[in-house]
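Engineer: Before we start, here is the structure in question, set down as structure tokens.
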Amino acid sequence: MSVQEPTEQSGAEVNTRANVDVLDEKGMLALHVRVQKLVEQYGAEVNTRDQYGDSPLHEACNNCNANTVKLLLSAGADREVKNIEGKTPKEALNDSGSEDKGKAEIKTLLTKPALVGTRKYVPKIPQFLPKCLPREESTCKDFTAYVRYYRRGSSHTQATSTTIHGLVYESESTLKQIEKDFVGSQEDQGKPDDTGVWRWVHFPANNMTWIRDFIHTITEKLEHAEKERVWKFVECTMKDRKLVTKHGCSRVAHVEDWPKEGQLEANGNIHPHDSRPGDSNPSHKAEPAQDKTSSSSSPAGALSDKRLSIVCPYIDFETEEYIGYKYQIRRHSHEQNLTEHSRKMILLEKTYPPLSGLAGLQVPQTLDSSYYDTLEEEKLLFRDQDQVVLKWFKSEKNRTNMSEQSRPQSASSTQPTVEHDQGTTDAERPLSLKSPAGRRPMGMRAQPKLLMIHQLWLWKLDENTIITSCPDRWHAGVEDTLIDTIRQSGVEHLNEPEDLIQHIMNVCVRFLDEFRDAGVGEHILDIFDSSVSQTAQSEVEAFKNFQKLTAGDGVQQLSVSRRKDMLSVAEEIKLMYEVKDLRDEILLLQRVFDTQAEVLKKLARILWSDAEEAKQSRENYIDMCGTMDLIERAERLDKNAGRTLQGLDYLVQVKQAQSSLYEAKTTGTLNNYIMVFTIVTILFTNTVLLMASSGW
């Protein structure tokens with residue numbers, strides 16, 4: 001590629017895949033090689049230095065390129081930065097040896113006072129239509145997006161599902177056809193135009209590549225100034241943090257509202273964190289028939305002049321098979337006996353790189369990996385396999401199997417098994433994935449489950465567009481997912497985008513209650529409550545056994561080996577480990593609940609103004625979501641587990657004291673025996689000497 005004339009190919013590379021701040025083998029940026037105008041549009045860092053410490057400004061001064069120097073200074077280049085020789089760009093200019101008019105112009109530019117805050121934040125606006133690469137096409141056709149259209153002031157709504165490929169990458173946008181069909185369906189109602197029409201688009205994975213390309217598709221025909229505002233908003237609200245593991249970045253939970261227009265400075269000199277939830281009172285639409293009471297109880301219109309970005313964590317589940325997929329198939333590419341859904345999920349992770357900036361896939365995280373993201377994969381595997389919920393399901397399954405085996409069966413209830421040529425029964429034969437009659441059953445409630453921490457992403461790009469995404473489950477069961485629950489909870493009756501946002505967030509934070517009835521079968525906190533009570537019962541039994549041991553002469557009557565077993569603290573240490581593990585996971589859950597509560601509080605301050613009459617509406621919404629109840633219950637569980645841990649710690653100390661006392665008594669008895677033998681020996685020795693001296 002020529003460095004003199006930027007081409008469409010170079011723009012496409014920067015737009016879709018290239019990182020404009022990547023250094024080559026010599027530590028050179030694209031700016032160093034004179035692709036300034038193109039790269040500046042993508043906000044490249046102008047102060048990065050090469051292996052000799054030279055910045056782009058050093059290079060421009062060495063080459064006496066006045067236009068480049070002017071461009072770099074306007075972009076905020078540091079004129080006092082020094083290279084490894086200790087020279088500033090101005091000193092490098094003096095050493096260049098050239099005496100043309102360009103050098104004099106550069107000296108003038110370098111001596112002018114620097115303007116404070118002249119560095120312009122430049123969003124990376126894609127310049128060319130997004131393209132689905134050949135290796136991505138299969139995955140894009142395998143996954144479907146959910147699209148629903150609404151019309152304000154009308155009960156009419158229409159939903160459909162379409163492939164990611166058709167929604168984002170096809171030349172004739174599927175979205176336009178869906179909107180055309182929706183508008184056309186209301187012609188008989190006298191509303192043939194698109195007045196008041198707004199849409200909600202949901203993506204089945206936290207894949208920023210899909211979302212970025214979709215945003216580019218729907219903003220393609222906007223004016224440059226409006227397009228720039230949209231991309232500033234999207235970039236600055238990504239709020240991702242780097243993970244030490246190979247799984248890329250993870251977005252930080254937040255709620256951030258941005259003014260749609262007017263409040264952003266024309267020169268774009270903003271910082272990604274300048275806009276905060278609740279900084280300004282949201283303006284409500286004026287409705288003549290609405291009094292203060294009704295306006296404070298409804299968020300309609302609160303975001304009409306704002307953009308909104310939300311990232312909220314929520315608790316979901318996977319089956320035990322997920323651990324095998326995660327730590328075996330991904331690493332060794334063993335893809336035998338996979339369901340079609342599992343194959344699709346594996347291909348998704350293999351096709352797209354981990355999340356970084358405005359591209360890549362944010363991979364799902366287990367309860368432990370959501371916090372211990374710096375641990376090695378083997379240690380995370382151990383923690384996942386040791387998850388409280390997973391162990392509880394396994395123990396329940398074992399109890400159920402033992403109960404069924406011990407229960408007598410009547411002849412009428414016993415079902416015959418059919419023997420096959422290979423000697424296996426129908427119950428033992430693995431299910432075929434190819435035969436419709438042998439499809440793997442979808443509802444596997446008996447399968448052990450483990451907890452996952454997923455994220456709901458939501459953007460309100462403008463008054464007519466809501467975008468959401470959350471990861472699909474690897475477990476292809478009949479249990480409702482988050483998006484299923486949202487779709488089935490009355491979204492067709494909503495009228496405004498603010499109502500949809502409020503509803504989605506309510507369902508998201510209450511999803512813990514939903515999949516109790518469709519997935520896990522028990523409330524998660526009930527499982528932890530049961531586990532805490534089991535450890536408390538084990539603690540009581542340990543005290544009871546110790547009390548029997550110390551009653552009367554119980555210790556003395558036991559055999560030596562039995563006495564050692566009774567005074568051993570191994571069982572108590574095991575129980576203490578289990579309780580500590582319980583408390584650790586309870587705190588991880590509480591961390592999620594706290595984050596959800598903080599997100600809801602910020603959202604409530606945006607949807608309802610800070611006025612006193614809206615205070616009750618904010619509080620009612622937060623109470624309705626129930627996060628504070630979950631936090632209080634988690635705190636009680638942690639407190640109960642803490643008491644059990646203190647009791648076990650006390651028992652260990654008492655056992656060690658009892659063991660020391662017994663050892664002291666045993667030592668005293670041995671000393672008495674030794675003293676007797678010593679006395680006897682002394683008497684016998686003296687007697688022998690006396691007899692020898694007497695001539696006996």
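Engineer: Select from region 458-504 the residues that are charged (D, E, K, R) and outside any helix (DSSP H, G or I) and write down the one among them that is farthest from K306 (Cα to Cα).
Structural biologist: Of region 458-504, the ones charged (D, E, K, R) are 460, 462-463, 472-473, 479-480, 484, 487, 492, 496, 498-499.
The next check asks that each one be outside any helix (DSSP H, G or I); those that pass are 460, 462-463, 472-473, 479-480, 496.
Working: K460: 8, D462: 7, E463: 8, D472: 29, R473: 32, E479: 36, D480: 32, E496: 14 Å.
Among those residues, the one meeting the criterion is E479.
Engineer: If you don't mind, there's one more thing I want to ask. Please list, ordered by first then second residue, the pairs with beta carbon atoms under 6 Å, 6 or more apart or interchain, first in region 446-458 and aromatic (F, W, Y), second buried (at least 22 other Cβ atoms within 10 Å of the Cβ) and assigned to a strand (DSSP E or B).
Structural biologist: W457/V311; W457/S469
Engineer: Looking at E632, E585, E619, E613, can you tell me which residue is surrounded by fewer than 16 Cβ atoms within 10 Å (Cβ to Cβ), within 24 Å of the chain's Cα centre (by Cα), in a helix (DSSP H, G or I) and not small (G, A, S)?
Structural biologist: E632
Engineer: List, please: which pairs have Cβ atoms under 7 Å, are six or more places apart or on different chains, and start with a residue in region 578-590 that is assigned by the TED database to the domain that holds D386 and farther than 13 Å from L630 by Cβ and end with one that is at pLDDT 95 or above and among the charged types (D, E, K, R)?
Structural biologist: Going by the 7 Å Cβ cut-off, there are no qualifying pairs.
Engineer: Cβ-Cβ below 8 Å, separation at least six or inter-chain, first residue in region 347-362 and crowded, with 20+ Cβ neighbours inside 10 Å and modelled with pLDDT under 90, second part of a loop (DSSP other than H, G, I, E, B) and among the small types (G, A, S): which pairs?
Structural biologist: none
Engineer: Residue check, L375 against (1) at pLDDT 85 or above; (2) surrounded by 13 or more Cβ atoms within 10 Å (Cβ to Cβ), all met but one. Which one?
Structural biologist: (1)
Engineer: Can you pull out every residue in region 616-642 that is among the acidic types (D, E) and touching a Lys or Arg at 6+ places or on another chain (Cβ under 8 Å)?
Structural biologist: Just the residues of region 616-642 that are among the acidic types (D, E), to begin with: 619, 623, 629, 632, 635, 638.
Correct list: D638 only.
Engineer: Under 7 Å by Cβ, and 6 or more places apart or on different chains, what pairs join a residue from region 172-187 that is at pLDDT below 75 with one that is part of a helix (DSSP H, G or I) and among the hydroxyl-bearing types (S, T, Y)?
Structural biologist: Qualifying pairs under 7 Å: S173/T217.
Engineer: Here's a follow-up. Which one is farthest from S395 (Cα to Cα) among residues in region 505-537 that are of a type in the set (G, A, S) and in a helix (DSSP H, G or I)? Let's see the steps before the verdict.
Structural biologist: Applying the first criterion (of a type in the set (G, A, S)) to region 505-537 yields 518-519, 521, 530-531, 533, 536.
Okay, now just the ones that are also in a helix (DSSP H, G or I), so 518-519, 530-531, 533, 536.
Details: A518: 20, G519: 18, S530: 12, S531: 11, S533: 15, A536: 17 Å.
Ranking the qualifying residues of region 505-537, first place goes to A518.
Engineer: I'd like to check something: does region 5-21 contain any residue that is under 30 Å from K227 (Cβ atoms), at pLDDT 60 or above and surrounded by fewer than 21 Cβ atoms within 10 Å (Cβ to Cβ)?
Structural biologist: The first filter runs over region 5-21 and keeps only residues under 30 Å from K227 (Cβ atoms), leaving 5-21.
Of the ones still in play, those that are also at pLDDT 60 or above are none.
So far as region 5-21 goes, no, none of its residues is under 30 Å from K227 (Cβ atoms), at pLDDT 60 or above and surrounded by fewer than 21 Cβ atoms within 10 Å (Cβ to Cβ).
Engineer: Related question: Name the residue that is surrounded by the most Cβ atoms within 10 Å (Cβ to Cβ), counting only residues in region 329-346 that are outside any loop (DSSP other than H, G, I, E, B) and at pLDDT below 85.
Structural biologist: Here is the first cut: in region 329-346, the residues outside any loop (DSSP other than H, G, I, E, B) are 329-332, 340-346.
The next check asks that each one be at pLDDT below 85; those that pass are 329-332.
Working: I329: 19, R330: 15, R331: 9, H332: 8.
Among residues in region 329-346 that are outside any loop (DSSP other than H, G, I, E, B) and at pLDDT below 85, the one surrounded by the most Cβ atoms within 10 Å (Cβ to Cβ) is I329.
Engineer: List every residue pair whose Cβ atoms sit under 7 Å apart, with the two residues 6 or more apart in sequence or on different chains, where the first one lies in region 127-142 and is assigned by the TED database to the domain that holds L348 and the second, anywhere, is outside any helix (DSSP H, G or I).
Structural biologist: Cβ pairs passing all conditions: C140/C132; C140/T163; K141/T163.
Engineer: Looking only at region 238-256, which residues are at pLDDT 90 or above and in contact with a Ser or Thr (Cβ under 8 Å, 6 or more places away or on another chain)? It would help to see each step written out before you state the result.
Structural biologist: Of the residues in region 238-256, the ones at pLDDT 90 or above are 251-256.
Residues satisfying the conditions are A253, H254, V255, E256.
Engineer: Here is a further query. For region 459-493, which positions are closer than 22 Å to E340 by Cα and without any contact (Cβ under 8 Å) to a residue 24 or more places away in the chain?
Structural biologist: The one that is closer than 22 Å to E340 by Cα and without any contact (Cβ under 8 Å) to a residue 24 or more places away in the chain: D484.
Engineer: On to the next question. Return yes or no: is A664 loosely packed, with under 11 Cβ neighbours inside 10 Å and modelled with pLDDT under 85?
Structural biologist: On the way: loosely packed, with under 11 Cβ neighbours inside 10 Å: yes; modelled with pLDDT under 85: yes.
Answer is yes for this residue.
Engineer: At pLDDT 55 or above, more than 30 Å from N207 (Cβ to Cβ) and either among the polar types (S, T, N, Q) or exposed (fewer than 14 other Cβ atoms within 10 Å of the Cβ) (or both): is that true of S395 in this structure?
Structural biologist: Answer is yes for this residue.
Engineer: For region 634-656, does any single residue satisfy the condition of being at pLDDT below 90 and farther than 27 Å from V532 by Cβ?
Structural biologist: No, region 634-656 has no match at all.
Engineer: Hey, another quick one. Could you list, in sequence order, the residues of region 591-614 that are in contact (Cβ under 8 Å) with a residue 60 or more places away in the chain and not aliphatic (A, V, I, L, M)?
Structural biologist: Those that are in contact (Cβ under 8 Å) with a residue 60 or more places away in the chain and not aliphatic (A, V, I, L, M): R591, T595, Q596, E598, K602, R605, W608, S609, D610, E613.
Engineer: Can we say E59 is assigned to a loop (DSSP other than H, G, I, E, B), at pLDDT 60 or above and either outside the structural domain of H216 (by the TED database) or at positive phi (or both)?
Structural biologist: Working: assigned to a loop (DSSP other than H, G, I, E, B): no; at pLDDT 60 or above: yes; either outside the structural domain of H216 (by the TED database) or at positive phi (or both): yes.
No: the conditions fail for E59.
The values are calculated or read from the model by the stated rules, or taken from the named source; none is laboratory data. All figures in this text were calculated on a predicted structure; none of them were measured in a lab. Note that we place each Cβ from the backbone using ideal geometry, even for glycine, and neighbour counts take in every protein chain shown.
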